[in-house]
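The values are calculated or read from the model by the stated rules, or taken from the named source; none is laboratory data. Computed from a predicted structure; not experimentally measured. Using ideal geometry, Cβ is built from the backbone for each residue, glycine included, and neighbour counts are taken over all protein chains shown.
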Amino acid sequence: MKNRLHFIDYSKSIGIYLVVLGHTVLSSMFHNFIYAFHMPLFFAISGILFSVNKGATFKSFFLKRFKQLIVPYFILNIITYLFWLFIGRKFGSDIALNIPIYKPLLGILYGNGIDNYLQHCTSLWFIPCLFIVENIYFIFSSQKKLILIASFVLLGFADYYFALPRLPWGINIAFTAIIFYIIGNTFKNYIIKYETSLNSNALIFGTSLIVLFFLSKINGNVDMDNRMYSNYLLFILSGISGIIMILSCSKILEGIFSGSKLLVFISNGTIVILAFHAIAGSIIRGVTLFIFHIPITIYDNKIINSALYSILSIVILMPLMYVLERYFPQMIGKNKLQVKS
């Protein structure tokens, strides 16, 4: 772990926690704040981590990322679909929705989380969208970055403004997501090598936090999965502010605590948390209601309860994260060599 980028581990861990927290029932203020940047953050982190071997062809890159992203996407979808088919659809709001059992199967191929197509695990829309983003960027990465960013801002805005039909695998979202990906990749060397005092990082963190708070308050409700950006420019600026906020916070944490095995473990398990946190949440709510006889509304619009609920959801998944990484790494896009190293 000597050369590991611990600030990336902090960023991924904070980001996935916010994904889980964002899927609880929150007040509009907290919901809008989290949704303003938590998915842009993951696209930016992916951009920071983007690298290819010199001389790599598009075919080799495509096949490598297909194995690392799309194969796990289908496996995780099948597992979560079976849980939904036999258990999930028989409880809660799913009963009233009365979704045909074939629709989520079509949704797996469609790769969009809209209109209940991925009702069994809406969060998985991110994986094929990231796959599209990375392959687009591989093709155009040699172009000037400012021109690329400007081009995709225009393309993403046009897609949003004219409400173009939703294309498979989140292609529409990719037009916007790639903006954050390019920014992450463009500034990766600066971000990685950037060293400054705790006070400077704290100043950057505080400033970006304030900017993000006001931007999210002005822009209101947004949701990348549903292609809801409100004011498109404000969404881009909110996303960038949130990315700076989390990266500076992570640099602070890295400077104080360095890294830890637990942190690396959570960072490596983000795809597992992404796929199964809703199931973990169902277990928590079931125990709350049927064993402790406490209404599950205890988690609604109560930020402290929701925060603890989100932590517990991740803790519950830790044994599964260990088993998949240790014994079935291909299911989460890794190989045995990576797990042992």
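Is it fair to say Glu254 is charged (D, E, K, R) and under 20 Å from the mean Cα position of the chain (by Cα)? Don't jump to the end; show me each part of the working.
Numbers: charged (D, E, K, R): yes; under 20 Å from the mean Cα position of the chain (by Cα): no.
Answer is no for this residue.
How many residues are crowded, with 18+ Cβ neighbours inside 10 Å and farther than 29 Å from Pro168 by Cβ when one looks only at the stretch 210-234?
3
What do you reckon, is Phe86 aromatic (Phe, Trp, Tyr), on the phi < 0 side of the Ramachandran plot and loosely packed, with under 14 Cβ neighbours inside 10 Å?
yes
Just need a number here: residues in the stretch 136-156 that are surrounded by fewer than 16 Cβ atoms within 10 Å (Cβ to Cβ), in contact (Cβ under 8 Å) with a residue 40 or more places away in the chain and not small (Gly, Ala, Ser).
Residues meeting the conditions: 2.
Going through Phe180, Phe91, Phe187 one at a time, which residue ends up being modelled with pLDDT under 95 and surrounded by 14 or more Cβ atoms within 10 Å (Cβ to Cβ)? Before the answer, list the steps.
Numbers: Phe180 fails: modelled with pLDDT under 95; Phe91 fails: surrounded by 14 or more Cβ atoms within 10 Å (Cβ to Cβ).
Among Phe180, Phe91, Phe187, only Phe187 is modelled with pLDDT under 95 and surrounded by 14 or more Cβ atoms within 10 Å (Cβ to Cβ).
Within the stretch 29-45, does at least one residue satisfy the condition of being within 19 Å of Ala278 (Cβ to Cβ) and not in a helix (DSSP H, G or I)?
no
So Ile34 fits all but one of (1) closer than 17 Å to Met224 by Cα; (2) over 19 Å from the mean Cα position of the chain (by Cα); what number is the exception?
Result: Ile34 fails condition (2) only.
How many residues are in contact with a His (Cβ under 7 Å, 6 or more places away or on another chain) and buried (at least 22 other Cβ atoms within 10 Å of the Cβ) when one looks only at the stretch 20-39?
Selection size over the stretch 20-39: 1.
Give the stretch 57-99 a look and list any residue that's in a helix (DSSP H, G or I) and hydroxyl-bearing (Ser, Thr, Tyr), or say none.
Selection gives Ser60, Tyr73, Thr80, Tyr81, Ser93.
Go through the residues of the stretch 237-254 one by one and say whether even a single one is farther than 30 Å from Ile218 by Cα, of a type in the set (D, E, K, R) and surrounded by fewer than 21 Cβ atoms within 10 Å (Cβ to Cβ).
Within the stretch 237-254 (the criterion being farther than 30 Å from Ile218 by Cα, of a type in the set (D, E, K, R) and surrounded by fewer than 21 Cβ atoms within 10 Å (Cβ to Cβ)), the answer is yes, since at least one residue qualifies.
If only one of Leu118, Leu124 is surrounded by 22 or more Cβ atoms within 10 Å (Cβ to Cβ), hydrophobic (A, V, I, L, M, F, W, C) and part of a loop (DSSP other than H, G, I, E, B), which one is it? Spell out how you get there, then give the answer.
Numbers: Leu124 fails: part of a loop (DSSP other than H, G, I, E, B).
Among Leu118, Leu124, only Leu118 is surrounded by 22 or more Cβ atoms within 10 Å (Cβ to Cβ), hydrophobic (A, V, I, L, M, F, W, C) and part of a loop (DSSP other than H, G, I, E, B).
Look through the stretch 157-177, keep the residues that are on the phi > 0 side of the Ramachandran plot and touching a Phe, Trp or Tyr at 6+ places or on another chain (Cβ under 8 Å), and return whichever of them is surrounded by the fewest Cβ atoms within 10 Å (Cβ to Cβ).
The initial filter retains those residues of the stretch 157-177 that are on the phi > 0 side of the Ramachandran plot, namely 163, 169-170.
This time we only want the ones that are touching a Phe, Trp or Tyr at 6+ places or on another chain (Cβ under 8 Å), so: 169-170.
Numbers: Trp169: 20, Gly170: 27.
Result: Trp169.
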